[in-house]
Amino acid sequence: MNNKDNKQLNIPKHIAIILDGNGRWAKKRAMPRTYGHQVGTENIRKVAVAASDLGVKALSVYAFSTENWKRPNEEVEFLMKLPGEFEKKFKGEFEKYDIKVMFSGRKTHLSKENLEILERITEKSKDRKGLVLNICFDYGSQIEIAEAVKKVTQDVLDSKLKKEDIEPKHIEQYLYTKDLPKLDLLIRPSGEVRLSNFLLWQAAYSELYFCKTYWPAFSKKELIKAIKEYNRRDRRYGGLKKK
Ligand code: IPE
Ligand code: IPE
Ligand code: MG
């Protein structure tokens, strides 16, 4: 596939990926699950650069869910080192590609050290104009929506909004993704066919793509395959088929 072929594609503005299958990928290689997380983390960098190259505006990646704390301590501790890895290893490349990094997720359960890292990465890249890489870390869609509802309720209590005037846009303005384009394509590698509490609101009219590849092996080629499939979809939004 050369770039000329890709130029004819309608590139989704916002793609989201559930980074799943790290553990199974490692197990297949008789390696510990943490090795899968290490290679999976490295793959975020590669796929973000590929998405930037293809002209995607925003890429949301699900790296740690609000439910992943249930895993054994040793694995959680390893996953909590990921922000530090992003800072150390991705810095140069993200600068080179003008990639702006943001984080979506709860800020109440992360260590002070991790919060500082997230803050530093966000602050350093905030004025960049390229791809927005939205790293969803301690992210859960139901909590995101519940928090937005709390804020809308506060606006009603403060008389900034009347209860009978509440519309979807009032919820949306309080979601982490408020400044990103609408979610066009949601990809889940690894063979699981579920959303696992990822972007439930945002995916209302997104196209869904599931593939068997485990995340550490998910490549630019696979991303292009998903985009090609997206190009074959007829997005009707409840209307009728385009003539
Ligand atoms: C995804 O890979 C990474 C996280 C959920 C943090 P998994 O760790 O879920 O890998 P599998 O699904 O067990 O193979
Ligand atoms: C979803 O994967 C969460 C992330 C990839 C961060 P999981 O592996 O946690 O999801 P389930 O348990 O298969 O639904
Ligand atoms: Mg999994």
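The values are calculated or read from the model by the stated rules, or taken from the named source; none is laboratory data. From a predicted model like this one, the values you see are computed outputs, not experimental measurements. With ideal geometry, Cβ positions are generated from the backbone for all residues, glycine too; neighbour counts draw on all protein chains shown. Ligands, DNA and RNA are stripped out before the accessible areas are found, and what is left, the full protein with its side chains, is counted by its heavy atoms. Shrake-Rupley method; radii C 1.70, N 1.55, O 1.52, S 1.80 Å.
If you go through region 1-25 and keep only what is more than 15 Å from the chain's Cα centre (by Cα) and either away from ligand 1 (no atom under 11 Å from the Cβ) or free of Cβ contacts under 8 Å to residues at least 40 places away in the same chain (or both), you end up with 1, 2, 3, 4, 5, 6, 7, 8, 9, 10, 11, 23.
Return the total of residues in region 157-176 being within 19 Å of the chain's Cα centre (by Cα) and either more than 30 Å from residue 33 (Cα to Cα) or not in a loop (DSSP other than H, G, I, E, B) (or both).
Adding up the residues that qualify gives 4.
Of all residues in region 19-28, none are away from ligand 2 (no atom under 12 Å from the Cβ), under 28 Å from residue 129 (Cα atoms) and among the charged types (D, E, K, R).
Note on region 215-243: among residues that are small (Gly, Ala, Ser) and touching a residue at least 40 places away in the same chain (Cβ under 8 Å), the one that is surrounded by the most Cβ atoms within 10 Å (Cβ to Cβ) is 226. Filter region 83-120 for residues that are hydrophobic (A, V, I, L, M, F, W, C) and in a loop (DSSP other than H, G, I, E, B); which is nearest to residue 49 (Cα to Cα)? My answer is 99. Would you confirm whether or not region 70-81 contains a residue that is away from ligand 3 (no atom under 16 Å from the Cβ) and under 15 Å from the mean Cα position of the chain (by Cα)? Looking for residues that are away from ligand 3 (no atom under 16 Å from the Cβ) and under 15 Å from the mean Cα position of the chain (by Cα), one finds none in region 70-81, hence no.
Residues that are more than 26 Å from residue 185 (Cβ to Cβ), assigned to a helix (DSSP H, G or I) and not charged (D, E, K, R) within region 42-82 comprise 69, 73, 76, 78, listed in sequence order. For region 26-57, filtered to residues that are without any contact (Cβ under 8 Å) to a residue 12 or more places away in the chain and among the aliphatic types (A, V, I, L, M), the residue that is farthest from ligand 1 (Cβ to nearest atom) is 30.
Out of region 1-43, which residues are within 16 Å of ligand 3 (Cβ to nearest atom) and of a type in the set (D, E, K, R)? Correct list: 20, 24, 27, 28, 33. Taken over region 1-42, residues that are open to solvent by less than 90 Å² (accessible area, probe 1.4 Å) and either modelled with pLDDT under 95 or of a type in the set (Lys, Arg) (or both) amount to 5.
Regarding region 128-149, can at least one residue be identified that is under 29 Å from residue 13 (Cβ atoms), open to solvent by 70 Å² or more (accessible area, probe 1.4 Å) and touching a strand residue (DSSP E or B) at 6+ places or on another chain (Cβ under 8 Å)? Within region 128-149, one or more residues are under 29 Å from residue 13 (Cβ atoms), open to solvent by 70 Å² or more (accessible area, probe 1.4 Å) and touching a strand residue (DSSP E or B) at 6+ places or on another chain (Cβ under 8 Å).
Do we find a residue being within 16 Å of ligand 3 (Cβ to nearest atom), at pLDDT 95 or above and in contact with a strand residue (DSSP E or B) (Cβ under 9 Å, 6 or more places away or on another chain) anywhere in region 44-59? Looking through region 44-59, at least one residue is within 16 Å of ligand 3 (Cβ to nearest atom), at pLDDT 95 or above and in contact with a strand residue (DSSP E or B) (Cβ under 9 Å, 6 or more places away or on another chain). If you go through region 58-80 and pick out every residue that is more than 10 Å from ligand 1 (Cβ to nearest atom), farther than 21 Å from residue 130 by Cβ and surrounded by 15 or more Cβ atoms within 10 Å (Cβ to Cβ), you end up with 2.
Do you know which residues across region 84-113 are modelled with pLDDT under 95 and either under 18 Å from the mean Cα position of the chain (by Cα) or of a type in the set (Gly, Ala, Ser) (or both)? Those that are modelled with pLDDT under 95 and either under 18 Å from the mean Cα position of the chain (by Cα) or of a type in the set (Gly, Ala, Ser) (or both): 85, 86, 87, 90, 92, 94.
Looking across region 144-178, the residues that are acidic (Asp, Glu) and free of Cβ contacts under 8 Å to residues at least 24 places away in the same chain come down to 155, 158, 164, 165, 167. Checked against (1) out of contact with any strand residue (DSSP E or B) (no Cβ under 7 Å at 6 or more places or on another chain); (2) open to solvent by 20 Å² or more (accessible area, probe 1.4 Å); (3) modelled with pLDDT of 95 or more, residue 190 meets all criteria but (2).
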